[in-house]
Amino acid sequence: MLKRYQVIDGRFCDGTEECGPVLVYVNPDEAERRYLLNELKIDEHTLASSLDPDELARMEFEPEHVAMIVKRPRNYSVEEQYLFRVSSMGLFLFRDRLVIVAPDEIVPLEGKQFQKVGSLPDLVLRVLFRTTLHYLEHLKIINQISDELESKVQTAMENRHLINLFTLEKGMVYYHNAIHSNGVVIEKLKASAVKMGFTPENLEFLDDLAVENAQCYKQAEIFSNIFASLMDARAGIVNNNLSVLIKRLTIINVVFLPMNFLAGVGGMSEFSMMTTGIPWWVAYPAFGGVMLGIAAITYTIIRRMGSEPRPRRRRRAQR
């Protein structure tokens with residue numbers, strides 16, 4: 001699918017079918033791929049890399065254009081089950097046009113970042129800046145999801161929420177590597193500023209882009225370290241919650257065990273013979289009271305066995 005855009009008076013807007021120096025190909029079909037390969041002379045391997053989610057970010061200078069493979073976050077959906085994935089995007093800068101190739105829908109090229117666009121190289125920098133902001137937005141969402149899952153883990157006795165945290169940790173590894181890979185491309189852009197035809201304003205914007213990407217990389221690194229270091233502790237919380245539940249069930253079982261024994265004895269014929277001459281409304285309540293008393297004594301003994309000994313009070317030294 002092809003979308004055309006154009007720059008009018010420094011504003012980035014939609015283009016017409018005949019006019020538009022910015023071409024955005026989303027999952028190009030066979031005819032569109034032949035046009036990119038034969039007419040625009042884009043390398044076949046580079047084109048395939050722009051559609052490969054496992055490809056590393058890089059930058060190459062071709063005779064007629066500059067090719068850049070950039071890593072970007074995929075749009076998250078509920079079906080992903082807390083897994084945040086990354087995808088690739090190809091930026092092919094010609095003298096008179098910019099071609100963007102992506103396997104799926106990209107973030108809309110709109111907003112504050114796409115105002116006052118001076119040139120096509122300037123537009124490339126703004127696309128990279130919007131990609132970095134997209135990573136930061138996802139990192140905030142990941143942090144919120146992590147806090148919510150951690151609060152559920154505090155009382156959970158199953159591994160479902162723990163598995164979701166493992167999935168988030170896996171996505172953070174993808175993000176961490178992808179942001180670092182984009183940083184390599186940004187550094188190469190700074191080193192090739194003359195070839196790219198950057199103006200002093202572009203160089204200043206490129207410095208801001210490098211700082212923003214470095215901060216994004218540091219934030220992703222912090223989140224990855226937190227996930228990795230606290231995962232064992234979270235698993236221990238789930239095991240401890242299960243142990244506490246089993247302990248409580250065991251106490252209930254031990255408390256009711258003598259009562260079950262006495263209830264079985266009370267149901268025998270010998271008990272009826274022992275209570276001969278005693279009204280039933282006296283015998284059975286008395287028997288029930290004995291059972292409750294034994295249960296209370298058993299519970300008290302178990303509580304004292306499980307509680308920590310209290311520290312003894314020191315007597316005041318006699319003067």
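So here's what we get for this one:
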| read-out | value |
| --- | --- |
| Placed amide H near residue 85: partners under 5 Å, 5+ positions off or other chain | 74 |
| Electrostatic dipole magnitude of the stretch 114-155 [Cβ: Lys, Arg +1; Asp, Glu -1; Cα centre; debye, to 20] | 240 |
| Summed residue charge, Cβ within 13 Å of residue 211's Cβ, Lys/Arg positive, Asp/Glu negative | -3 |
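Coordinate-derived values only; no laboratory data. All values reported here derive from a predicted model rather than from experimental measurement. Neighbour counts run over all protein chains shown; Cβ positions are idealised from the backbone, glycine included.
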